[in-house]
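Report on the structure given below.
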Amino acid sequence: MKKDNFKNNPICKSLGIKYPIFQGAMAWISDAELAAAVSNAGGLGIVAGMNSSAEQLKKEIEKAKKLTDKPFAVNIMLASPHAEEVARLVITEGVKVITTGAGNPLKYMKSWIDAGIKVIPLVPSVSFARLVERAGAHAVVCEGCEAGGHIGELTTMVLVPQIVDAVSIPVIAAGGIADGRGVAAAFALGAVGIQVGTRFLVASECNIHQNYKDLVIKAKDIETMVTGRRTGHPVRGFKTAFAREFTKIENNPDITDEEIFKLGGGALRKAAQEGNLLEGSFMAGQIAGLVKYEQSCKEIIEEIFEEYSKVVFPYQN
Ligand code: TUI
């Protein structure tokens, strides 16, 4: 069968990876073990900085270095109270690639670039993509609101081609991609790579509670919803008891923003570690309905790119 070997793919070439796939940085989920498994399988594994302190993140980075000799990245969640200290840590730890999310990375970019780090911010709009390109970004991850977790306004379908036209750095598409058809669609829109979160939730190397994996495996097409619009941090996750309750509280004008934040606090950990279906926030993308079984990261990545080859070269034997 005819296959693309990605040897001339710009993001594979510049990062030294075999397949143009990033694993999404999911808080309480994307640990060293998951990131290393993705990197060992030829993708770009990403350790989630989430709300970790520099001390906690240092341990995770050191673990990832032990588990893989392939390139991996660290994601800096810019809304974290520890963003400043982890922004310094990635330099001293010699991290080679950084992705950012949930905010504006501009104030850190010069120090990262001066340290020789490749900086790949997540951008939810054209203007933001232009801004980070001017500041020296190596590439951008362009995430549509089909994605799980904290989302922007636009869908992947409309966001990717507009950003591709607006910048000259490589664009990685994210949001709503979990198989080879999604890769082909992303490439048709002008992206050179993809970022996948939801499908890696069910990877055998993903250390989340089995209840979380079961929600993904059993999900149908319309089982995610968006909460948190009122706080300015809309988040997509499964329609669980917690999500419905959150919506009720959000719609109540007598409840303050602080009380809403308190309710959200800790809910991600309760989902990922405890599988707590009543109090956990189980973030996932709309593509969950397509994810049907647990596989290793290697199987997931190889299956995605086998299928991609069949989609783009359909009449080969
Ligand atoms: O960041 C994510 N997904 C996340 S972060 C998260 S935990 C969290 N906790 C509290 C507040 C916010 C998040 C759960 N899921 N994805 C990447 C992403 N980045 N999505 C949207 C954005 C984004 C939004 C605004 C990136 C840049 C941006 O710029 C705003 C500005 O400063 O102009």
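Structure shown: which of LYS220/LYS292; LYS2/LYS292; LYS2/LYS96; LYS7/LYS298; LYS13/LYS70; LYS58/LYS118 lie over 21 Å apart, alpha-carbon to alpha-carbon?
LYS2/LYS292; LYS2/LYS96
Rg/Rh for segment 187-317 stands at 1.07; both radii use Cα atoms, and Rh follows the Kirkwood definition.
With all protein chains kept in place, the per residue accessible area of the chain amounts to 45 square angstrom at a probe of 1.4 angstrom. With the cut-off at under 19 Å, measuring from each backbone N in segment 225-244 to a point 7 Å along the Cα-to-Cβ line of SER127 picks out 232-234. Here the convex hull built on the C-alpha positions of segment 1-155 has a volume of 122 cubic angstrom per residue.
Starting from the Kirkwood Rh over alpha-carbon pairs, what translational D in µm² s⁻¹ does segment 169-239 have by Stokes-Einstein at 10 °C and 1.306 mPa s? Estimated diffusion coefficient is 113 µm²/s.
Relative contact order of segment 207-317, taken over Cα pairs closer than 8 Å and 6 or more residues apart, is 34 percent. For the options ALA188, ALA87, ALA139, a Gaussian network treatment of the chain with springs between C-alpha atoms closer than 10 Å singles out ALA188 as fluctuating the most. Residues in segment 28-58, backbone N under 11 Å from the label point at LYS65 (7 Å along the Cα-to-beta-carbon vector): list them, ranges by number please. What the label zone holds, given the 11 Å backbone N cut-off, is 58.
Can you tell me the dipole magnitude for segment 82-223 around its Cα centre, using point charges on the Cβ only (Lys, Arg +1; Asp, Glu -1), in Debye to the nearest 20?
With only Lys, Arg, Asp and Glu charged at Cβ, the dipole is about 220 debye.
Under the combined filter of DSSP loop state and at most 11 neighbouring Cβ atoms within 10 Å, segment 1-64 retains these trypsin sites (Lys or Arg not before Pro): LYS2, LYS7. With all protein chains in place and a 1.4 Å probe, the accessible surface of the chain carries 53 percent carbon and sulfur.
Cα-based radius of gyration for segment 96-244, normalised by 2.2 N^0.38 Å, reads 1.09. The charge dipole of the chain, taken about its Cα centre with unit charges on the Cβ of Lys, Arg, Asp and Glu (plus for the first two, minus for the last two), comes to roughly 660 debye.
Between LYS13 and GLN316, the distance separating the two model label sites (each 7 Å from Cα on the Cα→Cβ line) works out to 2.0 nm.
As a ratio to 2.2 N^0.38 Å, the alpha-carbon radius of gyration computed for segment 213-255 takes the value 1.28.
Near GLY136: Cβ cut-off under 14 Å, other residues only, Lys/Arg at +1 and Asp/Glu at -1. The net charge is +3. For segment 230-269, applying the loop criterion from DSSP together with a ceiling of 14 other beta carbons within 10 Å to the trypsin sites (Lys or Arg not before Pro) yields no site.
With a sphere of radius 14 Å drawn around the Cβ of ARG199, what net charge do the other residues whose Cβ falls strictly inside it have (Lys, Arg +1; Asp, Glu -1)? It works out to a net charge of -4.
Projecting the Cα positions of LEU159, ALA79, ASN8 onto the charge dipole of the chain (unit charges on Cβ atoms of Lys, Arg, Asp and Glu, taken about the Cα centre) puts ASN8 furthest along the positive direction. With both labels modelled 7 Å from their Cα along Cα-to-Cβ, the GLU259 to ALA188 distance reads 4.8 nm. Within the chain, the longest run free of chymotrypsin sites (Phe, Trp or Tyr not before Pro) that sit in a DSSP loop with at most 16 other Cβ atoms within 10 Å is 1-292.
Positive contributions from Lys and Arg (+1) and negative ones from Asp and Glu (-1), summed over other residues with Cβ under 11 Å from the Cβ of HIS82, come out at -2.
Figure the gain on full extension for ASP214 and SER111 (residue separation times 0.36 nm, minus the Cα-Cα span) and round it to one decimal in nm.
32.9 nm
By the Cα gyration tensor, the chain has an equivalent ellipsoid whose semi-axes, rounded to whole angstrom, run 28, 23, 20 from largest to smallest.
The values are calculated or read from the model by the stated rules, or taken from the named source; none is laboratory data. What you see is a predicted model; the values in this text were computed from it and never measured. All Cβ positions, glycine included, derive from the backbone under ideal geometry; neighbour counts span all protein chains shown. Side chains included, ligands, DNA and RNA excluded: accessible areas come from the protein's heavy atoms. Shrake-Rupley method; radii C 1.70, N 1.55, O 1.52, S 1.80 Å.
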